[in-house]
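One structure is given here, and the rest of the page talks about it.
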Amino acid sequence: MRYISIFSTCFLLCFVPFATAKIVFMSDWEIYKMDDDGGNVQRLTFNDVYDGLPRWAPDGKSIAFQRQQPRETNEQNHDIFLMNLDGTQEQQLTTYTGLDANHSWSSDSQHLAFSSTRSGDRWSIHIIDIETREVRELTRSIIKDQHTGSASWSPDGKKIAYIVTKSNPFQEAIYTVNPDGKNPRRFTKYTDSTLYSLDWSPDGKQLLYCEDKYNGRVLLKNRIVIHNVVSGRLLRELEMPPLDKWYINGARWMGTQHVLILATEDYSRPDGGQSDIFRYTLATDEIINLTNTPRDNEGSMDWITDSALAVTPAGKLTVRWGELKKF
């Protein structure tokens, strides 16, 4: 087990002519983007409803995100939207009256895989065509009390990883399947821990996910797990010590040498603690807090390379995250 050592950092007010905002993330129900060092923070959505789970399109032309909608039933209503990199020209992709969530882009930016209950009382993975809006179901379990969710599309477009959940007793495992629904295979053993935050490395060689386990309200396990995709071999396990102070909410690859971690400090406090986004360096175990915002809670995040962004904005105003949050 490898433990993460915690460092903090300060950010300077500076102008970087060719800097590009490459991290998109949620904070207090709105979506923002920022540079790799936490600078140049820009707000993208402005409303009083939940906007979350932002995901860069691989071609760098748009951002997919999840928005809370007015309820028509007792079930929560979330749909998937698209917007430009600057937050303009929002488009609603799905119109289901329940939950469409946990979306993942195809490598050609033409489709999204997502979790939904639209086909019945169980969660399953669906795929939507961005151009036609046609939706098809990818996975549907015939086993009682089994759900499939949390899709993650491989960089080469050939596989989709997802989580299978069984109940009575509760167990979860990771599977992979072809985008046409063929060749489903189990990737990890079933465990009584909860699995979440699936993500392929950009080179497609490693698969990252988070894992937790409770005994009542006591957190027994909470870590990031990295496996080799070809062999299935366990490569790394990362924790934020001490366990009674930190909770890892999610993780995403940031290239092949870094991992973005969303973690909550003092999560057992009555107010839920403070959630921030950290950049972890695999080679050195150094972790840097990129947001560090007391009284503000960051959420799901995603990263994209400079080469994928079609346009590098010129003359951007670089600000500190803490200063932006004052307004």
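The values are calculated or read from the model by the stated rules, or taken from the named source; none is laboratory data. Just so it is clear, the structure is predicted and the values come from calculations on it, not from any experiment. Virtual Cβ from ideal backbone geometry, glycine too; neighbours counted across all protein chains shown. For accessibility, only protein heavy atoms count, side chains too; no ligands or nucleic acids. Shrake-Rupley method; radii C 1.70, N 1.55, O 1.52, S 1.80 Å.
Taking amide H as placed 1.01 Å from N in the peptide plane, M254 has its amide H under 5 Å from the amide H of V259, L260, each at least 5 places away in sequence or on another chain. A convex hull fitted to the Cα coordinates of region 20-172 yields 138 cubic angstrom per residue.
Which loop-located chymotrypsin sites (Phe, Trp or Tyr not before Pro) does region 26-62 contain, where loop means any DSSP state but H, G, I, E or B and the Cβ has at most 13 other Cβ atoms within 10 Å? Numbers along the way, then the final one.
Numbers: sites: W29, Y32, F46, Y50, W56; in loops: W29, F46, Y50.
Passing sites in region 26-62 are F46.
For region 165-296, the solvent-accessible area of protein heavy atoms averages 47 Å² per residue (probe radius 1.4 Å; ligands and nucleic acids excluded).
Summarise the accessible area of region 48-116 (1.4 Å probe, protein heavy atoms) by the percent that is carbon and sulfur. Each step should come with its number before you reach the end.
Numbers: 1150 of 2810 Å².
Exposed carbon and sulfur together represent 41 percent of the surface.
As a fraction of the 1.4 Å probe accessible area of region 249-298, surface on carbon and sulfur atoms comes out at 43 percent.
Look at the dipole of region 48-184 built from charges on Cβ: of T117, G52, W105, the Cα furthest out on the positive end belongs to T117.
Estimate the FRET efficiency between R136 and Q68 by the formula 1/(1 + (r/R0)^6), using the beta-carbon distance for r and 30 Å for R0, to the nearest 0.05. Once the sixth-power term is evaluated, E becomes 0.75. The accessible area of T132, taken with all protein chains in place and a 1.4 Å probe, comes to roughly 90 Å².
The listed residues R186, R269, R67, once ranked by accessible area (1.4 Å probe) with the largest placed first, stand as R186, R269, R67.
Measuring r between the beta carbons of S268 and R43 and using R0 = 41 Å, the FRET efficiency lands at 0.85. A Förster distance of 25 Å, applied to the separation of the beta-carbon atoms of S107 and R233, puts the FRET efficiency at 0.55. Close amide H contacts of N77 (hydrogens built in the peptide plane, cut-off under 5 Å, sequence separation of 5 or more or a different chain): Q69. Distance distribution note for region 25-84: the fraction of Cα pairs above 19 angstrom is 33%.
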